[in-house]
Each structure stands twice: as C-alpha cells, then as structure tokens.
Amino acid sequence: MGKSNLQASLEKKYAVWSGELLEVQKSITKIEESHAELSVLRSRATRLEDLVSNAKNIFFEVNPEWDAEQIKPIRPGRYALPFEIGTVSKDCMTILRENDRPMPSREIGKMILERHNIADADWQLVDRVRGAVDACMRSRRDKYVKGEGEYPIYWSIIPA
C-alpha cells in the first residue's frame with residue numbers, strides 16, 4: 001500500500017523542521033560559546049585598560065611632555081608595514097640585484113624605507129621592516145639567496 005498525500009506531506013515537513021532544528025541548535029551552541037568567551041574578553045579588556053593607564057602614568061612621570069597620541073597602536077597578528085603585502089619580498093630581491101654585494105637585513109630594510117619615501121621612520125618601524133626582510137631572505141635561503149656569517153647575516157643573490 002502506498003503513502004497517502006497527507007503522510008508524504010507530513011514527512012516532508014518533518015524533514016524540514018528537523019533540519020531547521022539542527023541549525024537552530026547549532027546557532028544556540030555557537031552563541032553560548034561566544035557568551036562564555038565574552039566574559040573572558042571583558043576581563044582581559046579590563047586588565048589591558050589598567051596596564052595602558054599605568055604605562056601612561058609611568059611615561060608622564062618620566063617625561064611630563066610625553067604625548068600618548070604620538071604612539072600608534074599595533075594590533076597583534078596583523079600586517080603592520082606601511083606598504084602592500086609582497087612589497088618587501090620584491091624590493092629585497094631588486095635591491096640585492098642592483099647593489100650586487102652582500103648586505104645585512106637592516107641595510108636592506110632601510111633602503112626599502114627610502115624607496116617608499118619614508119624618511120622619518122621610528123626605530124619600531126625600522127625593526128619591523130628588518131624583521132620582514134630577514135623572514136623573506138630566510139624563506140628564500142639556498143634557493144635564490146645565500147646567507148654569509150652568523151649575525152648579522154649578509155645576504156646575496158645566488159648566481160644563475
């Protein structure tokens with residue numbers, strides 16, 4: 001005996017409702033996990049606010065003319081260089097080709113900043129660019145570039 005139209009329709013509705021129930025339960029679980037994470041984030045935010053406030057007080061004690069607005073926040077885990085991604089890699093290889101001599105990462109980094117007309121770079125930016133140059137060179141080591149010495153490593157292009 002076959003299914004009646006009523007039974008077939010109800011089974012279809014049952015399947016739709018069951019699927020929707022699974023999605024709603026999944027959303028509820030996600031929201032509950034986010035809610036648990038929210039309390040952890042709020043306590044961390046409170047702690048960070050205290051740390052920032054205390055650091056400001058120390059800076060003002062050491063130098064009353066210190067201006068917190070001059071310090072640009074650095075977001076952890078984010079790209080923090082003032083030029084597009086990939087620029088460091090391209091410029092590193094170009095600089096090494098043009099100079100045709102072994103060079104340390106710091107010198108290459110300063111030359112990259114000069115190429116982008118960044119003359120007033122603070123030590124933090126110079127260090128971030130140097131780190132990016134160093135990472136770029138290490139990833140290409142023994143493929144396209146060779147490193148000489150321990151520290152600082154002098155990088156040069158491997159002749160073709």
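The values are calculated or read from the model by the stated rules, or taken from the named source; none is laboratory data. Bear in mind that the values here come from a model prediction, so they are computed numbers and not experimental data. Note: ideal-geometry Cβ built from the backbone for every residue, glycine included; neighbour counts use all protein chains shown. These accessible areas exclude ligands, DNA and RNA; they are computed on the full protein's heavy atoms, side chains included. Shrake-Rupley method; radii C 1.70, N 1.55, O 1.52, S 1.80 Å.
Things to note:
- Within segment 38-62, the residues that satisfy the criterion of being open to solvent by 90 Å² or more (accessible area, probe 1.4 Å) and closer than 29 Å to ARG130 by Cβ are ILE58, PHE59, VAL62.
- Annotation: of all residues in segment 100-142 being farther than 25 Å from PRO73 by Cβ and of a type in the set (S, T, N, Q), the one that is most open to solvent (accessible area, probe 1.4 Å) is SER139.
- Of the residues examined, ASP120 is not one that is out of contact with any helix residue (DSSP H, G or I) (no Cβ under 8 Å at 6 or more places or on another chain), modelled with pLDDT of 90 or more and of a type outside the set (A, V, I, L, M, F, W, C).
- Any hit, segment 143-158, residues being under 22 Å from ILE71 (Cβ atoms) and surrounded by fewer than 17 Cβ atoms within 10 Å (Cβ to Cβ): no
- Applying a threshold of 9 Å to beta carbon distances and a minimum spacing of six or more residues, or different chains, the list of pairs starting in segment 121-134 at a residue that is assigned to a loop (DSSP other than H, G, I, E, B) and ending at one that is open to solvent by less than 30 Å² (accessible area, probe 1.4 Å) reads ALA121/LEU113; ALA121/VAL129.
- Enumeration of residues in segment 23-37 that are aliphatic (A, V, I, L, M) and open to solvent by less than 100 Å² (accessible area, probe 1.4 Å): VAL24, ILE28, ALA36
- Reported count of residues in segment 24-46, each being over 19 Å from ARG75 (Cβ atoms) and acidic (Asp, Glu), is 2.
- Residue identified as over 28 Å from the mean Cα position of the chain (by Cα) and modelled with pLDDT of 90 or more among LEU41, LEU22: LEU22
- Verdict on GLU65 being open to solvent by 90 Å² or more (accessible area, probe 1.4 Å) and part of a helix (DSSP H, G or I): no
- Selection count, segment 83-93, where residues are open to solvent by 100 Å² or more (accessible area, probe 1.4 Å) and not in a loop (DSSP other than H, G, I, E, B): 1
- The lone criterion from (1) open to solvent by less than 100 Å² (accessible area, probe 1.4 Å); (2) of a type in the set (Val, Ile, Thr); (3) more than 23 Å from the chain's Cα centre (by Cα); (4) farther than 30 Å from ARG141 by Cα left unmet by ILE71 is number (3).
- Test: ALA80 is under 23 Å from the mean Cα position of the chain (by Cα), assigned to a loop (DSSP other than H, G, I, E, B) and crowded, with 17+ Cβ neighbours inside 10 Å: no
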